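Please treat every number below as a calculation from the coordinates, not as lab data. None of these values were measured; they are calculated from a predicted model. Positions of Cβ are generated from backbone atoms using ideal geometry, with glycine treated the same way; all protein chains shown enter the neighbour counts.
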Amino acid sequence: MVMLENNSHLYPIAVMIDELKSVDQKKRINSVRNLSTVAIALGCERTRQELLPYILELMDDEEEVLLTLAEILPQQLEFAGGPQYAEHVLRPLEKLCASEETTVRDKVSRRQNTTDS
């Protein structure tokens with residue numbers, strides 16, 4: 001898990017990170033939707049080194065969570081440090097492209113096409 005210093009103001013961020021592995025699908029989806037908040041709190045380097053690898057561990061999830069990841073992950077490029085760090089964001093996107101769920105693969109493909117434009 002992503003480690004946060006003992007700062008009480010970061011507690012809500014730690015909760016969001018923990019909820020990424022919650023048994024409650026709605027909590028996981030909500031946490032995925034708040035990834036940018038977590039990334040801002042962590043900073044670019046920790047987002048690349050801790051958060052995005054942590055996300056890679058979450059790819060064996062239900063379709064709705066994966067669809068939300070497919071929607072949110074392309075937006076994380078700026079929080080990872082910009083285009084020069086694109087490979088860190090591309091790793092989880094590539095894993096989503098290999099998903100068994102056709103809808104997830106399609107969503108990643110559509111998001112990539114709109115990002116390229």
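So how do Glu45, Glu63 line up by other beta-carbon neighbours within 10 Å, fewest first?
With the fewest neighbours first, Glu45, Glu63 line up as Glu45, Glu63.
What full-extension length gain, to one decimal in nm, is calculated for Glu64 and Ile40 as 0.36 nm per residue of separation minus the Cα-Cα distance?
So the extension gain works out to 6.2 nm.
Residue farthest toward the positive end of the dipole of the stretch 8-116, with Cβ of Lys/Arg at +1 and Asp/Glu at -1: which of Tyr11, Leu56, Leu69?
Tyr11
Between Gln25 and Arg110, what is the label-point separation in nm under the 7 Å Cα-to-beta-carbon projection?
1.9
About the Cα centre of the chain, how large is the charge dipole given +1 on each Lys and Arg Cβ and -1 on each Asp and Glu Cβ? Please answer in debye to the nearest 20.
For this selection, approximately 240 debye.
I'd like the FRET efficiency for Val15 and Thr103, computed as 1/(1 + (r/R0)^6) with the beta carbon distance as r and R0 of 41 Å, rounded to 0.05.
Efficiency computed from Cβ-Cβ geometry: 0.90.
Can you tell me the order of 47-53, 71-77, 97-103, 24-30 when each peptide is scored by its average per-residue count of other Cβ atoms within 10 angstrom, highest first?
47-53, 71-77, 24-30, 97-103
Percent of Cα-Cα pairs more than 17 Å apart in the chain, please.
52
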